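Each remark here refers to the structure printed beneath this line.
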Amino acid sequence: MQHDYRPHLPRFLANAIDRLAAEDPELFGILEAEYHRQANVLTMVASSSITDPSALACEAMPTMNVTAEGYPGARFHAGCRYIDQIENLAIERAKRAFGARFANVQPMTATSANEVCMFSVLNAGETLLGMDLDSGGHLTHGSKASISGQVFKAYGYGLTKDERIDYDQAEALAREHRPKLIICGTTAYSRQIDWARFRSIADEVDAYLLADITHIAGLVVAGLHPNPIDHAHFTTTCTHKQLYSGRGGLIMIGKDFDQVGPDGKRTLEQVIQKKVFPFFQGAPNQSSIAAKARGLAYVATPEFNAVARRVVDLSQALAQAFMDKGYRVITGGTDNHIVVVDVMSKGISGVNAEKALEDCGLVVNKNRIPYDQKPPSITSGIRLGTNGLAIRRMEPADMVECVDLIHEVLTSIEQVSDKTYKLAPQLQARVEESVRQMCQRRPISTYPAPVTAYKAA
Ligand SMILES: Cc1ncc(COP(=O)(O)O)c(C=O)c1O
């Protein structure tokens, strides 16, 4: 729909920034510092990304002012004409990007998206089967630290000796415990996932299947990872990692959208709608929904396919560069954006590696490795990802330079204890400067092509 308004938003946003700087220099100073930090460090936290400024602008829009409980066309408040258009756009773009039959774009996080799905098919005390946290599963897949492991009886499958998902174990556990929900999808696993195998396990025990593609959603859209949408009953993702969108969650259903749900009355689509609102949430954040719409249009462009390809090329180059330096890379490589490295084999704890690398502008996160002997606050590994590096349009050769710098830091750490270390200030300053130069050479870029060609189906 065309509007003939003269654009006021550019001035609105510029004025807002000017006022923030003038009236609250303390807060503005911190925001500026964060902007410069991001520009001058290499963010390789696998669960991070770099959202395009045009999507960030959506987050700052006055759409935030509208309280809009309910769904497009069925709100509990007036004043939702444009809000409805935005939400419908986001829904259509999500369905189009993933080939889904149903999408709910309101969840505030992927965590709440997962919880919605759990509470849609499970009652408290009933059984779910997810991947162990230590093997690469997420907290929301049945960990005792999360509601998923406290409200439900959760069992976990793990990895085989060669560090691949142990489908046979998942099948055996499913047969033994008859879960009503099986969760697949991972947070620290670098290989492809066999959705069809999980669906056949779920069907055998009459369980629902939830595929959480938070980490690989962009690769799925680009066709670089198989799409679970018609294998799983529910597919969830966050929108702020590989979809380069606004921060939030997304729930989708493929061919099973009109299957009757557990109460024998409502369809799965209807069950999810009711569980998002009013069961879990009130009014959604419509600015985030606008930002999601923007990112979901971007990932549907042919240009995004090249970004996704670069994400994988870079992580494979990163994994190879680590192995060339003698590090043990979990699973011996990667098919996605994630590289998990055993640093304890070099005598350094994961937490010390994380902190020392951050001191030098190389931002990664500590991560447990399969059969880790160290607790989550220490760990034996680090996890890296390439979503942010691809947006800097780095090349595989740059990954060798990254690993050279990482190696220089890790081999210079004097580990005092699992949680304390010493690092020579001169070395820190030198590496930090090399990273800064690399960041200047490869600045954070924007979407590689204007996302104006996109037309809603
Ligand atoms: C597989 C998986 N699911 C869910 C989440 C939670 O995402 P959010 O921070 O949006 O709640 C994460 C976070 O990284 C994740 O890796």
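The values are calculated or read from the model by the stated rules, or taken from the named source; none is laboratory data. For clarity, every value in this text was computed on a predicted model and none was experimentally measured. Heads up, the Cβs are rebuilt from the backbone with ideal geometry, glycines too, and the neighbour counts pull from every protein chain shown.
Scanning segment 216-232 for residues that are closer than 18 Å to Ala297 by Cβ and assigned to a loop (DSSP other than H, G, I, E, B), we see that the one that is nearest to the ligand (Cβ to nearest atom) is Ala222. For segment 255-275, the count of residues that are in a helix (DSSP H, G or I) and within 16 Å of the ligand (Cβ to nearest atom) is zero. Just one of (1) part of a loop (DSSP other than H, G, I, E, B); (2) hydroxyl-bearing (Ser, Thr, Tyr); (3) touching a His at 6+ places or on another chain (Cβ under 6 Å) fails for Ser315. It is (1). Conditions: (1) crowded, with 21+ Cβ neighbours inside 10 Å; (2) away from the ligand (no atom under 15 Å from the Cβ); (3) on the phi > 0 side of the Ramachandran plot. Gly142 meets all but one. Number of the miss? Condition (2) is where Gly142 drops out. Just so you know, in segment 151-170 the residues that are closer than 23 Å to Ile338 by Cα, touching a Leu at 6+ places or on another chain (Cβ under 9 Å) and not in a strand (DSSP E or B) include one that is farthest from the ligand (Cβ to nearest atom), and it is Asp166.
In summary, Val41 fulfils each of the numbered conditions (1) surrounded by 16 or more Cβ atoms within 10 Å (Cβ to Cβ); (2) closer than 24 Å to Ala293 by Cα; (3) among the hydrophobic types (A, V, I, L, M, F, W, C) with the single exception of condition (2). Scanning segment 16-49 for residues that are in a loop (DSSP other than H, G, I, E, B) and within 16 Å of the ligand (Cβ to nearest atom) returns Met44, Val45, Ala46, Ser47, Ser48, Ser49.
For (1) surrounded by 16 or more Cβ atoms within 10 Å (Cβ to Cβ); (2) farther than 17 Å from Cys360 by Cβ, each residue gets a yes or a no:
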position	(1), (2)
Arg383	yes, yes
Gly388	yes, no
Arg392	yes, yes
Pro396	no, yes
Cys402	yes, no
Glu408	no, no
Glu414	no, no
Tyr421	yes, no
Val431	yes, no
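Remark: pairs (first residue in segment 105-125, within 9 Å of the ligand (Cβ to nearest atom); second residue modelled with pLDDT under 95 and small (Gly, Ala, Ser); Cβ separation under 7 Å; 6+ apart in sequence or on different chains) are absent. The conditions are (1) within 16 Å of the ligand (Cβ to nearest atom); (2) closer than 29 Å to Thr331 by Cα; (3) not in a strand (DSSP E or B), and Thr235 fails exactly one of them. Which is it? Looking at each condition in turn, Thr235 falls short on (3). If the condition is being hydrophobic (A, V, I, L, M, F, W, C) and more than 11 Å from the ligand (Cβ to nearest atom), then segment 238-250 contributes only Leu243.
Can Ile213 be described as under 26 Å from Gly254 (Cβ atoms), within 10 Å of the ligand (Cβ to nearest atom) and not basic (Lys, Arg)? Considered against the rule, which asks whether it is under 26 Å from Gly254 (Cβ atoms), within 10 Å of the ligand (Cβ to nearest atom) and not basic (Lys, Arg), Ile213 comes out as yes.
Residues in segment 171-193: is at least one modelled with pLDDT under 95, over 22 Å from the mean Cα position of the chain (by Cα), away from the ligand (no atom under 15 Å from the Cβ) and of a type in the set (Asp, Glu)? Taking every residue of segment 171-193 in turn, none turns out to be modelled with pLDDT under 95, over 22 Å from the mean Cα position of the chain (by Cα), away from the ligand (no atom under 15 Å from the Cβ) and of a type in the set (Asp, Glu). Is there a residue in segment 174-191 that is under 22 Å from Leu219 (Cα atoms) and without any contact (Cβ under 8 Å) to a residue 40 or more places away in the chain? For segment 174-191, residues under 22 Å from Leu219 (Cα atoms) and without any contact (Cβ under 8 Å) to a residue 40 or more places away in the chain: absent.
With respect to the conditions (1) surrounded by fewer than 24 Cβ atoms within 10 Å (Cβ to Cβ); (2) within 28 Å of Pro450 (Cβ to Cβ), Leu314 lacks only one, and its number is (1).
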